[in-house]
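The values are calculated or read from the model by the stated rules, or taken from the named source; none is laboratory data. As the structure is a prediction and not an experimental result, all values here were calculated from the model. Glycine also receives a Cβ, built like all others from the backbone with ideal geometry; neighbour counts cover every protein chain displayed. The area values use the complete protein model at the heavy-atom level, side chains included, leaving out ligands, DNA and RNA. Shrake-Rupley method; radii C 1.70, N 1.55, O 1.52, S 1.80 Å.
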Amino acid sequence: MKQQDAALVCFSGGQDSTTCLFWAKKHFKRVEAVCFTYGQKHALETEIARQIAEEANVPFQLLDVSLISQLDTHCSLTNNAIAMDQEKPADNYPNTFVPGRNMVFLTFAAILARSKGIFHLVTGVSEADFSGYPDCRDTFIRSLNVTLNLAMDEQFVIHTPLMNKNKCEVWELSDELGVFDLVRTRTLTCYNGIVADGCGHCPACLLRKRGLEEYLALRAMKNEE
């Protein structure tokens, strides 16, 4: 039976997906979460995701798609022998790019959601992010949405609450949702697998930190008005 008021969130336990989890809880009566293990070095994120989902009273499921890491060995997130790019190369994507990851995640999420009668999918991808990954772009999400509908003869809707938000605006949204402190102290965004403020020097940590500093300054300015 189709449930129009239900959503399945692609959930990693990081800043973006945690913000999306609580966005979904605000907009849908029933919310479930699916997390993926794909051979990532920072595998602690799956346990963080499980803990946050449990505290949010959201059913949680972990799927193993680690075959991804065997198909392309040139990613620094899945291959310990590769040093992580600290900046985006001028002529390519950073080596933190996992080819096909979001396509696989959303495809498996759609299959799982369909089995539960859920046809709203939520993901935390953003075009405003540091990397410019091709599978975080709005054009890709729209294309995949059509493909999933054709492949399963259904009417899925993929929601991307953060698509046009920079990290400052993501922090702002988490504050509006009442989970700013949780996102700041409990989530795992760091590529080196360190919770909260992280290692402080990987691209994910630097992006998160800059956004936080911008938002705290903005919030202080608003409080003074």
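So the values come out like this:
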| quantity | calculated |
| --- | --- |
| Positive-end residue, the chain charge dipole about Cα centroid, Cβ charges, pick of Asn79, Ala220, Leu182 | Leu182 |
| Cα convex hull of the chain, projected area averaged across orientations, nm² | 12.6 nm² |
| Mean separation of Cα contacts under 8 Å (6+ apart) over length of the range 3-145, as relative contact order % | 27 percent |
| Neighbourhood charge, 13 Å Cβ-Cβ cut-off, centred on Arg186 and excluding it, Lys, Arg +1 and Asp, Glu -1 | -4 |
| Residues whose placed amide H lies under 5 Å from that of Gly14, excluding near-sequence neighbours | Leu188 |
| Rg to Rh, two decimals, where the range 112-166 supplies the alpha carbon set and Rh follows Kirkwood | 1.02 |
| Helix-derived mean residue ellipticity, 222 nm - over the chain, DSSP H n ≥ 4, -39500 (n - 2.57), to 500 | -14000 deg cm²/dmol |
| Residues with amide H under 5 Å from that of Val31, placed H, sequence gap 5 or more | Ala7 |
| Gyration tensor verdict on the range 183-225 (Cα atoms; rounded if a/c is under 1.5, prolate if a/b is larger than b/c, oblate otherwise) | prolate |
| Length added when fully stretched, Ile111-Asn92, from 0.36 nm per residue minus Cα-Cα | 3.7 nm |
| Nonlocal amide H pairs with Leu62, under 5 Å, H built at 1.01 Å | Cys35 |
| Å² of accessible area per residue within the chain, as computed with a 1.4 Å probe and no ligands counted | 49 Å² |
| Extension reserve of the Ile82-Lys29 stretch, reckoned as 0.36 nm per residue once the Cα distance is removed | 14.8 nm |
| FRET efficiency for Leu216 and Thr139, using Cβ-Cβ distance with R0 set to 25 Å, rounded to 0.05 | 0.15 |
